[in-house]
Each structure stands twice: as structure tokens, then as C-alpha cells.
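The block underneath contains the structure these notes are about, expressed in C-alpha cells.
Every number here is computed from the coordinates shown, using simple stated rules; none is lab data. What you see is a predicted model; the values in this text were computed from it and never measured. Backbone-built Cβ (ideal geometry, glycine too); neighbour counts: all protein chains shown.
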Amino acid sequence: MAPAQLWFFLWEDIRSDNFKQDFTTFDQIQKEGITQAKILNRLGRTGTPEEYSFFIHSDSMKASVQILSDKAIQATWQLYCRQDSSVVVSVRKTDDPSPNSSRAPSYSIALAARRAASSGSSVQVPEIPLIAAAHQVSSGMDVVLRTPLADLPEDEKVVIEVDSGESFAFSREYVTCRFLVPACFQSLTSYTAWVNSQAQDGKDLTEIKVTTIDNCGFPTDVQLNRYVWQRSLIRGPWKQDFLSLWDQYVRLTNEREATIAQLCLNNPAFTQNCINFIRDLQYFDSEKSARDRLESTVHQFYIGKPYFDNQTVGVILQMRSVGGTLESQLQTLAAKQTGNGSVCASHDLSPVYQSYLGVSWDKDKSKATSSQYTMSKTELSSEGNKMQQLSRKMSKTLLGQFGKKKGGGKGGRSGGGSSESSKV
């Protein structure tokens with residue numbers, strides 16, 4: 001975590017230049033805990049959290065992200081904000097547009113107040129980005145409806161902006177819900193969302209691809225990476241189709257990272273064992289020694305010694321994603337392969353394990369690489385008592401970052417200050 005991280009809380013009204021702003025340190029938040037109700041109380045707002053929309057932003061984020069629950073505050077910070085020197089939580093009434101698409105009349109004054117509060121320190125206070133609406137692409141054909149996109153009403157499209165600035169349009173029938181999945185793709189024909197169905201199959205949300213067909217009839221794949229989710233999917237008129245899924249993804253991803261951090265702490269060789277495991281899965285068919293090691297596990301899905309002991313296997317199999325536990329994902333995979341031959345180690349099992357273990361296989365280099373250390377490094381070294389926190393149950397690890405602590409925390413600015421302005 002960045003040293004002396006400051007948290008700013010901002011209430012603003014899109015219809016006037018009234019605003020209320022307060023700030024405090026991360027140390028103070030650890031002592032007091034943070035919830036949507038506490039944020040409202042800090043800003044002097046009445047009513048319940050359900051009457052407001054909450055957004056979080058820091059310098060590492062492409063846009064402000066709406067937070068739907070108290071756990072989402074904690075998880076979003078853990079995944080995206082912990083390396084930044086400041087965090088801004090904006091609060092608006094539910095019928096107001098998001099900070100990504102509109103700036104309140106008080107924006108400049110509130111920004112100046114945040115920067116004044118951080119003056120004389122190393123804290124950087126970025127602007128909250130204002131994102132223009134994605135270009136309304138209308139050329140090409142929808143891959144599911146087989147209908148020209150130009151013929152679809154705008155409210156039946158999802159427009160996605162990718163990192164290069166190029167925009168692509170898709171029907172909401174395809175990306176979100178209600179389209180018919182042909183029986184050839186799954187055992188039971190059902191109405192489902194492409195994104196959600198991919199997530200249920202264990203695919204990481206930021207690795208899912210959607211396809212569009214250009215005017216020449218050629219398909220183009222678009223990856224729904226983190227940029228696309230933050231800039232396009234969880235904002236705009238279709239955001240309600242994606243917000244709850246993204247909220248769940250962020251919370252469960254953080255939960256898995258905390259579990260992996262604990263496993264790395266318990267066994268310094270855990271990361272290398274994961275790399276060896278993925279490598280052997282990839283070489284199952286072409287290398288006898290890899291196949292022998294995997295088969296020596298005497299496990300249906302090849303997980304066990306010499307890679308992991310029984311206790312570690314139990315923890316790994318219970319790690320969760322949007323699609324369920326790893327164990328349930330593997331069982332579902334096996335059930336789908338019934339009648340189609342055995343589960344393939346390299347093509348079927350390896351991608352699932354990679355997603356849960358934070359290990360990637362580079363096809364070009366024929367090498368497995370791990371992101372585990374970067375996931376867990378900050379949490380393990382941020383405070384002296386972090387190792388004790390990591391030994392708690394998986395479900396409580398994240399709460400230790402923001403929950404109340406006995407005896408207080410380290411020194412530093414606490415309590416903070418506030419700024420309030422209104423013009424008559």
C-alpha cells in the first residue's frame with residue numbers, strides 16, 4: 001500500500017453547487033471500519049444507503065466504479081486502490097448520473113479542496129475522469145440475432161470501447177441475456193447470458209471474449225478486459241445488467257487472492273509448485289515424465305502430491321469464483337465430457353486451474369508464469385500484524401483489512417478535515 005494513503009468522501013448534487021467533503025487516513029479507516037452507512041454519517045446525509053449511489057476511484061482505475069455493498073468497498077480497494085496514495089468515494093442520489101458521465105457544479109471547488117488537504121505531502125490527488133459516451137457503432141451484424149446492428153434500436157445495443165479507443169456494438173440479447181443457446185453447445189437448451197454463462201463455466205470475467213461480424217462477414221473477437229468493464233460495461237444504460245456480476249467477481253477474486261497469500265505464507269514453494277503443476281498439465285500428452293507425475297496423484301483431476309499436500313488440495317478445491325468452487329467447476333467439466341471422451345489435461349483442466357491459481361501459460365514461450373506474488377505482496381508487507389490476519393479463516397481475511405482493531409493503529413494523521421460549500 002502507498003504510504004500515508006488518504007481517503008476522501010464527497011457528497012455532491014448534480015443540480016446545484018452544494019457539496020460536502022471529508023477526508024481521513026487509511027489507518028483511521030482500519031480502526032473505525034468502513035460501510036456505506038458510516039460514509040453517509042460522515043457526510044451528514046440522512047436516509048439509508050439504498051437511497052444513494054456510491055462510487056470509488058483512485059489513480060489506478062480507468063473510471064469510477066459503483067460499489068453495491070460494504071464488502072465491495074473493501075474488495076475494490078484491495079484489488080485496485082491499495083497502491084495509490086489517495087482514494088475518492090463519491091456519493092450521489094440514486095437518480096443522479098454517475099461521476100463518469102457528468103460533473104457537478106461543485107467539481108472544481110471540491111477537487112481544489114482535496115488537493116489543498118494533501119499539500120505538503122507525497123499524496124497525489126487525480127481528477128475523476130469524465131468519460132464521453134462511446135461512439136454509437138451501427139455497422140456490421142449481430143452474431144446471435146443475425147440482424148444488421150443499424151436496424152437495432154439504441155436501447156437494445158451495448159456499445160463497448162476498447163483500449164485503442166475503437167468502439168464495437170453488440171445486441172443486449174447477445175451480451176447480457178435472453179438469447180437462445182443452441183443445443184449443440186450444451187446439453188439443455190436454455191435462455192442465458194453469454195457473459196454470465198462463460199463466468200459460470202469458470203472463465204475469468206476479464207478474459208471473456210465476444211464476437212461481432214463486420215460488413216464483409218468476417219468475425220472480430222473483443223476481449224472484455226478490465227478496461228472494458230470499467231469504461232463500458234458497468235456504466236451506461238446497460239450497467240444494471242453487469243453491476244451485480246462485477247461486484248461478485250471483485251469480491252470473490254479478492255477472496256481467492258487472500259487464500260493464495262495464506263498458502264504462499266504457509267509454504268514458500270507453493271508458487272513454484274503451481275507453475276510445475278500447470279507445466280505438467282500442458283505437457284501431459286507429449287512428455288512421459290509429466291504424465292507420470294500427474295498420474296501419481298491418483299486423483300481424477302490430477303491435483304495432489306507431488307505438487308500439493310492433502311490439506312492444500314482441500315483449500316484449493318474450495319476456492320470460489322462466480323461459477324462456484326473449483327471442485328464444482330471440475331465436476332461440471334467432467335459431466336460435460338461424458339460421452340465425449342475423457343477430460344483433456346492441457347485443453348480442459350489447465351485453463352480452469354490457471355484461472356483459480358493465478359498462473360498463466362504462455363504458448364509462445366511454452367512457459368508458465370505466476371501473478372501470485374504481485375497479488376499477495378502488498379497485503380503481506382503492508383503492516384506488522386498482517387501475518388496474523390492472514391491466518392484467519394478465508395472468509396474473514398479481507399475484513400481484517402478494514403474491520404475494527406483493538407488497541408488502535410499506527411500513528412499518522414487521523415480524523416482529517418472537511419470542507420463544505422454552498423452559494424446562495
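What are the residues whose amide H is under 5 Å from the amide H of Ile67, where those residues sit 5 or more places off or on another chain and H is modelled from the backbone?
When sequence neighbours closer than 5 places are left aside, the close amide H contacts are Phe54, Phe55, Ile56.
Sorted from largest down, what three extents in whole angstroms do the Cα atoms of region 42-126 have along their principal axes?
37, 30, 25
Please compute the Cα-Cα pair-distance distribution of region 298-366 with 10 Å bins starting at 0, giving whole percents from short to long.
Computed distribution, short to long bins: 18, 52, 28, 2.
Check which residues have an amide H placed less than 5 Å from Lys157's amide H, if you skip close sequence neighbours.
Arg172
Each residue of region 76-89 in order: what ³J(HN,Hα) in whole Hz does its phi give by Karplus 6.51 cos²θ - 1.76 cosθ + 1.60, θ = phi - 60°, with x for Gly and Pro?
Those phi angles translate into 5, 4, 4, 7, 10, 10, 5, 8, 8, 8, 8, 9, 10, 10 Hz.
Can you figure out the FRET efficiency of Asp292 with His347, using R₀ = 25 Å and their beta-carbon distance, to the nearest 0.05?
That gives a FRET efficiency of 0.80.
Would you mind checking Lys62/Lys209; Lys38/Lys71; Lys71/Lys336; Lys203/Lys288; Lys62/Lys367 for any pair whose Cα atoms are more than 23 angstrom apart?
Lys71/Lys336; Lys203/Lys288; Lys62/Lys367
Taking +1 at the Cβ of each Lys and Arg and -1 at the Cβ of each Asp and Glu, which of Val159, Met61, Val143 sits farthest along the dipole of region 42-178 towards its positive end, judged by Cα position relative to the Cα centre?
Comparing the listed Cα positions along the dipole, Met61 ranks first.
Return the percentage of antiparallel bridges among DSSP beta bridges fully within region 1-155, rounded to the nearest 5 %. Please report the intermediate quantities before stating the final value.
Details: 18 of 24 bridges.
About 75 percent, rounded to the nearest 5.
Given region 77-168 reduced to its alpha-carbon atoms as identical point scatterers, what log10 I(q)/I(0) does the Debye formula return at q = 0.10, 0.20 Å⁻¹?
For region 77-168 at q = 0.10, 0.20 Å⁻¹, log10 I(q)/I(0) is -0.46, -1.07.
Using amide H atoms built in the peptide plane, which far-off residues or other-chain residues are under 5 Å from Ser86 H to H?
Leu6, Asp59, Gln124
If I model a spin label as a point 7 Å beyond the Cα along the Cα-Cβ vector, how far apart are those points for Thr325 and Glu154 in nm?
Label-label distance for Thr325 and Glu154, simple model: 4.8 nm.
Can you tell me the alpha carbon radius of gyration of region 225-349 divided by the globular rule-of-thumb value 2.2 N^0.38 Å?
1.26
Contour minus end-to-end for Thr220 and Ala37, with contour as 0.36 nm per residue of separation and end-to-end as the Cα-Cα distance?
Gain in length upon complete extension: 61.4 nm.
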